[in-house]
Amino acid sequence: MQTKSFLHQIAATIAQEHAHHLQDVVVVLPNKRARIFLIKELQSQLKGTHFAPQIISIEDFIQDIAGIQSIDSIEQLFEFYEVYCALTPNNPEPFDLFANWAKTLLQDFNEIDRYLLDPDKILKYLENIKEIEHWSVTVEKQTELIEKHLAFWKKLPTYYHAYYQHLLAKKRGYQGLIYREAKENLNHFTNAFGNEFFLFAGFNALNQAEEVIVQHLLALDKAQIYWDIDAAFLNDPLHDAGLFIRRFHKEWPYYKTNPLQWIQKEFSQDKHISVIGTSKSIGQAKLVGSILEEHLQAHPDSNLQQCAVVLGEESLLMPLLYNLPAGIPALNITMGYSSKNNPAQILVNKWFKMHTNALSRNANSYVFYYKEIVDVLTHPLIEPYAQAQELVHRIRSNNFTFIPHKRLLEMMEKDSPLFHLLFKKWEAQPQEILQQLSAILLEIKSQLNYENTEEKITNAFLYSIFKIINKLITYYQNHAVDNSPETVYALYKQVIDVAEVSFEGEPLEGLQIMGVLESRVLDFETVIITSVNEGKFPAGKSGNSFIPYDVKREYGLPTFKEKDAIYTYHFYHLLQRAKNIYLIYNADSEGLDAGERSRFITQLEVEHLSNHQLTFEMFHPEVPETAYEPMEIHKNETVMQQLQEIATEKYFSPSALTNYIRNPIQFYFQRLLRISEVEEVEENIAVNTLGTIIHAVLEDLYTPFIGRILTAQDIDDCFPKIDDKVAEKFKEVYKEGEIKKGRNLLAYEVAKRNVFNFLKLELETLKQGDEVQIVALEQGFLRTLEHPKLPFPINIGGNVDRIELRNGRVRIIDYKTGKVDANSLKLSTWEGLTEDIKNDKIIQLLAYAFLYEEQAKGQPMEVGIISFKNLKAGFLPFTFVENKEGETAITLDILSAYLEELATLLAELFNPEVPFVEKIN
């Protein structure tokens with residue numbers, strides 16, 4: 001037999017008992033969402049044409065009784081600040097500091113009023129508690145800080161009454177005020193209505209004001225209340241799901257002569273309950289996707305109308321959307337999604353930060369920091385529409401760090417309305433800054449494609465922030481708040497927490513994704529609940545309030561005990577009529593979102609009913625046996641053709657060959673796929689950039705001496721040029737990067753010191769009698785290697801830092817800015833030369849010897865390195881060590897042995913049967 005939902009039973013009752021006067025029936029539900037579901041049920045119950053009953057939420061009903069319009073939490077803050085400033089004319093706190101404590105205080109005012117308590121008693125109680133906390137400090141010894149602290153608590157009743165009357169005069173109010181006024185206006189309300197009859201349906205916990213109002217209407221026989229409670233919870237005095245209804249049943253005078261409507265017996269029916277533990281939030285999202293996919297396969301004709309996913313944690317929404325199976329026919333998202341994870345909010349936050357920092361960075365100018373510019377321009381909501389890709393590339397490639405506003409606009413060559421809105425200078429009042437932000441959001445919205453589901457969700461994100469910004473504009477116009485542009489960001493951060501995203505969908509079709517509170521009154525056959533962990537389900541003891549626990553207990557205000565009972569009811573209500581239930585929890589005991597499984601799961605296990613098939617399992621995503629398989633790329637015809645083009649039309653450099661030895665996959669990516677590293681701004685000078693600068697300076701200083709014998713006077717003439725040359729090369733290589741402060745200034749000085757020390761070493765060798773003739777500087781060479789092992793002649797080429805003739809011997813020099821010692825340039829055997837990357841410097845140096853051999857024309861030759869971090873060692877030559885004797889001269893035997901190894905390496909590279917295999921270490 002199919003279980004009938006609670007709303008189906010309500011609709012049947014209305015059809016049977018009130019069909020003849022439907023227009024007089026007012027159905028009051030816990031939330032607005034259930035209204036459309038109830039109307040659908042009524043359509044199926046009633047025949048013919050009828051005027052539908054009025055169906056409203058409890059909050060709208062109370063508002064009608066009070067005759068007061070509700071205001072949102074942002075406006076509450078602004079109105080309260082107006083009252084606060086009037087009561088604190090001397091040095092009131094700025095709005096952003098005021099909002100920190102005012103949010104909590106307003107929550108307490110709201111609770112006091114909802115439970116119809118005497119505010120003077122509660123707030124006086126708080127004042128006394130604070131005085132007791134300082135009882136050990138005598139009046140004479142109280143500091144100014146303590147006095148201000150106590151004065152604040154003494155003012156709370158004044159703040160309350162002034163704020164209450166301030167709102168009342170405007171016929172506007174927060175929820176608690178409306179509830180208190182509704183209670184006061186109850187007699188007038190009941191005297192005014194005619195034939196209306198009220199049906200209260202699906203409630204659980206009621207506050208004091210709601211209790212008074214409902215009982216008043218019940219006593220007048222103008223109402224009926226239908227509870228949705230199961231006998232399993234109601235009859236168990238220890239079960240929290242029935243806590244409130246048991247109390248109402250016991251204490252309300254109405255129930256001395258009337259039965260409780262209704263007591264269900266659905267929870268004990270057949271149910272399959274799967275309790276599944278998995279890892280982290282993403283594991284839960286993937287698991288939900290798997291469950292839904294299995295459900296669709298088992299029920300191909302289902303449109304998932306009777307299936308609901310209830311998120312115990314709202315942050316799971318986005319991972320879940322990306323893990324839903326493709327076959328879901330329709331989707332309806334109904335839940336409060338906080339602005340914290342809203343991509344539009346993240347963009348606005350970056351935008352505010354960029355402008356406030358630009359304002360504060362320099363009192364006389366408006367200077368942006370490159371990271372903040374790039375963060376905004378590469379944000380997913382901006383990058384497709386701002387047409388600023390070339391600008392971002394220019395900033396990165398030219399090492400711009402701080403960019404003045406005027407310069408930035410000049411750099412942007414394209415006419416992009418969105419770009420100009422983003423970087424329009426803040427010179428105006430806060431309202432105009434906020435209007436600028438509103439225009440940015442509208443411009444992004446105008447670019448969206450609404451046929452794309454993903455962009456529909458993006459639109460919902462944008463709209464939630466857009467509403468908040470426009471409210472802020474209105475509030476700024478109507479209230480006296482600090483008008484400096486710098487405070488706009490602080491104010492925005494205070495109010496954005498209350499911005500929630502509203503998603504549009506078809507509530508009567510497809511899969512329902514909802515939060516816990518949105519599930520009230522509704523019933524589903526299949527229910528998937530996530531984050532069933534302690535602290536999430538139930539929510540735990542968190543809750544901002546100035547009122548201590550014992551005071552709440554004394555005066556009947558709800559504590560965490562009552563809040564847990566509310567969560568317990570919602571949890572068990574979801575299970576009450578469901579047939580298939582999946583309870584998913586995060587099983588990780590470590591990490592940021594770790595936690596233990598909820599007490600609700602333990603409770604189900606302990607109270608295990610005979611008709612409940614309860615299973616426990618762990619869900620582990622499929623993990624390969626090996627954590628990571630090295631990448632392997634086989635050489636096809638295209639790859640071989642590319643290699644041949646490089647070998648014959650271009651060349652292989654020594655660094656390309658050592659790159660292949662280091663990691664063949666990296667060689668494949670860089671040389672064949674031409675994938676380069678992501679270009680980033682060098683905020684601090686990198687080691688390779690410093691090396692490039694030093695090479696360029698030495699080339700400029702030594703170029704005039706090419707082809708002639710070097711003299712001590714030549715070197716002496718170079719010393720005065722060091723500063724200017726280093727500055728010039730920094731400008732050329734580092735471009736717009738800042739070199740006059742911080743670590744870059746140190747790098748600048750290091751470059752000068754390295755050049756100075758090099759020239760000093762050169763001068764010493766000349767004075768010691770060395771005869772030096774500069775032959776070439778930074779010169780490129782190309783030579784073809786022919787060998788029986790190779791399929792065709794292969795070009796080898798590269799740039800040599802310096803070639804000189806020293807004391808009748810050709811010396812080929814490679815500069816290294818890092819530290820190199822002599823041992824790394826010694827070789828004792830040729831075997832395995834090209835297999836070990838530690839030989840990279842030797843492979844590179846001998847390649848230079850091969851490239852220059854023909855130009856040397858038989859002259860003795862040596863190759864080596866000058867290490868700037870080991871300058872005292874001077875020239876470090878390649879040495880072949882044989883029989884404990886070292887040979888630095890590059891003989892024909894040495895070159896022949898090297899070329900044999902090089903040919904073996906190249907033969908492997910050109911062997912189509914040998915794939916590119918990634919080296920992990």
- request: Report the residue count in segment 172-205 for those that are farther than 20 Å from Gly556 by Cα and either in contact with a His (Cβ under 6 Å, 6 or more places away or on another chain) or polar (S, T, N, Q) (or both).
  value: 6
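Does segment 341-363 contain at least one residue that is assigned to a strand (DSSP E or B) and either within 23 Å of the chain's Cα centre (by Cα) or buried (at least 16 other Cβ atoms within 10 Å of the Cβ) (or both)? Write out each step before concluding.
Residues of segment 341-363 that are assigned to a strand (DSSP E or B), as a first pass: none.
No, segment 341-363 contains no residue that is assigned to a strand (DSSP E or B) and either within 23 Å of the chain's Cα centre (by Cα) or buried (at least 16 other Cβ atoms within 10 Å of the Cβ) (or both).
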query: If you go through segment 64-89 one residue at a time, how many are over 21 Å from Thr474 (Cβ atoms) and either of a type in the set (D, E, K, R) or surrounded by 19 or more Cβ atoms within 10 Å (Cβ to Cβ) (or both)?
result: 3
statement: Exactly one of Phe756, Phe792 is assigned by TED's automatic domain parsing to the domain that holds Glu862, more than 27 Å from Thr711 (Cβ to Cβ) and either in contact with a Phe, Trp or Tyr (Cβ under 9 Å, 6 or more places away or on another chain) or assigned to a loop (DSSP other than H, G, I, E, B) (or both), and that one is Phe792
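Return yes when Leu491 is under 30 Å from Gln305 (Cβ atoms) and at pLDDT 75 or above and no when it is not. First the steps, then the outcome.
Numbers: under 30 Å from Gln305 (Cβ atoms): no; at pLDDT 75 or above: yes.
Considered against the rule, which asks whether it is under 30 Å from Gln305 (Cβ atoms) and at pLDDT 75 or above, Leu491 comes out as no.
Would you pick out the residues in segment 829-840 that are surrounded by fewer than 20 Cβ atoms within 10 Å (Cβ to Cβ) and in a helix (DSSP H, G or I)? Steps first, answer last, please.
Our first condition is that a residue be surrounded by fewer than 20 Cβ atoms within 10 Å (Cβ to Cβ); within segment 829-840, this holds for 829-832, 835-840.
Of everything in segment 829-840, those that are surrounded by fewer than 20 Cβ atoms within 10 Å (Cβ to Cβ) and in a helix (DSSP H, G or I) turn out to be Glu835, Ile837, Lys838, Asn839, Asp840.
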query: Taking segment 93-124, which residues are crowded, with 17+ Cβ neighbours inside 10 Å and among the aromatic types (Phe, Trp, Tyr)?
result: Phe95, Phe98, Phe109, Tyr115
field: Failed condition for Asn191, given (1) modelled with pLDDT under 95; (2) in the same structural domain as Leu87 (by TED's automatic domain parsing)
entry: (2)
- request: Please work out if Leu766 is touching a Pro at 6+ places or on another chain (Cβ under 9 Å), crowded, with 16+ Cβ neighbours inside 10 Å, among the aliphatic types (A, V, I, L, M) and modelled with pLDDT under 95.
  value: no
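Kindly indicate whether any position in segment 12-28 is under 22 Å from Gln305 (Cα atoms) and part of a helix (DSSP H, G or I). Write out each step before concluding.
Initially, segment 12-28 is screened for residues under 22 Å from Gln305 (Cα atoms), giving 12.
Of the ones still in play, those that are also part of a helix (DSSP H, G or I) are 12.
Looking for residues that are under 22 Å from Gln305 (Cα atoms) and part of a helix (DSSP H, G or I), one finds at least one in segment 12-28, hence yes.
Residue by residue through segment 902-913, note down the ones that are assigned to a helix (DSSP H, G or I) and of a type in the set (S, T, N, Q).
Of all residues in segment 902-913, those assigned to a helix (DSSP H, G or I) come to 902-909.
The one that is assigned to a helix (DSSP H, G or I) and of a type in the set (S, T, N, Q): Thr904.
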field: Test for Lys740: is it free of Cβ contacts under 8 Å to residues at least 24 places away in the same chain and within 17 Å of Gly874 (Cβ to Cβ)
entry: no
Residue ID - farthest from Phe758 (Cα to Cα), chosen from residues in segment 814-871 that are among the small types (Gly, Ala, Ser) and more than 48 Å from the chain's Cα centre (by Cα): Gly832
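Of all residues in segment 670-690 being of a type outside the set (A, V, I, L, M), modelled with pLDDT of 85 or more and surrounded by fewer than 18 Cβ atoms within 10 Å (Cβ to Cβ), which is farthest from Asp836 (Cα to Cα)?
As a first pass, look at segment 670-690 and keep what is of a type outside the set (A, V, I, L, M): 670-671, 674, 676-677, 679-680, 682-684, 688-689.
Of the ones still in play, those that are also modelled with pLDDT of 85 or more are 670-671, 674.
Now narrow it down to the ones that are surrounded by fewer than 18 Cβ atoms within 10 Å (Cβ to Cβ): 670, 674.
Values: Gln670: 20, Arg674: 25 Å.
So the residue we want is Arg674.
Could you tell me whether any residue of segment 857-873 is among the aromatic types (Phe, Trp, Tyr) and in contact with a helix residue (DSSP H, G or I) (Cβ under 6 Å, 6 or more places away or on another chain)? Can you show your working first?
Step one: of segment 857-873, the residues among the aromatic types (Phe, Trp, Tyr) are 868.
Keeping just the survivors that are in contact with a helix residue (DSSP H, G or I) (Cβ under 6 Å, 6 or more places away or on another chain) gives 868.
Within segment 857-873, one or more residues are among the aromatic types (Phe, Trp, Tyr) and in contact with a helix residue (DSSP H, G or I) (Cβ under 6 Å, 6 or more places away or on another chain).
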query: Taking segment 851-865, which residues are at negative phi and either touching a Gly at 6+ places or on another chain (Cβ under 6 Å) or surrounded by fewer than 20 Cβ atoms within 10 Å (Cβ to Cβ) (or both)?
result: Glu853, Glu854, Gln855, Ala856, Gln859, Pro860
Residue in segment 518-535 that is surrounded by the most Cβ atoms within 10 Å (Cβ to Cβ), counting only those that are in contact with a helix residue (DSSP H, G or I) (Cβ under 8 Å, 6 or more places away or on another chain) and of a type in the set (D, E, K, R): Asp523
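Let me confirm something: among Glu184, Glu211, which residue is closer than 29 Å to Ala52 by Cβ and either outside the structural domain of His21 (by TED's automatic domain parsing) or not hydroxyl-bearing (Ser, Thr, Tyr) (or both)?
Details: Glu184 fails: closer than 29 Å to Ala52 by Cβ.
So the residue among Glu184, Glu211 that is closer than 29 Å to Ala52 by Cβ and either outside the structural domain of His21 (by TED's automatic domain parsing) or not hydroxyl-bearing (Ser, Thr, Tyr) (or both) is Glu211.
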- request: Test Glu554 against the stated conditions and say whether it is acidic (Asp, Glu) and either at pLDDT 90 or above or under 28 Å from the mean Cα position of the chain (by Cα) (or both).
  value: no
query: Hey, among the residues in segment 430-462 that are without any contact (Cβ under 8 Å) to a residue 40 or more places away in the chain and among the small types (Gly, Ala, Ser), which one's nearest to Thr474 (Cα to Cα)?
result: Ser438
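Tell me, which strands (runs of 3 or more DSSP E) wholly within segment 229-340 include 3 or more residues that are surrounded by 21 or more Cβ atoms within 10 Å (Cβ to Cβ) and not basic (Lys, Arg)?
Here the list reads 271-278, 307-311.
The values are calculated or read from the model by the stated rules, or taken from the named source; none is laboratory data. Small disclaimer: the values here were computed from a predicted structure and weren't measured. As a convention, Cβ positions derive from the backbone with ideal geometry for all residues, glycine included, and neighbour counts pool all protein chains shown.
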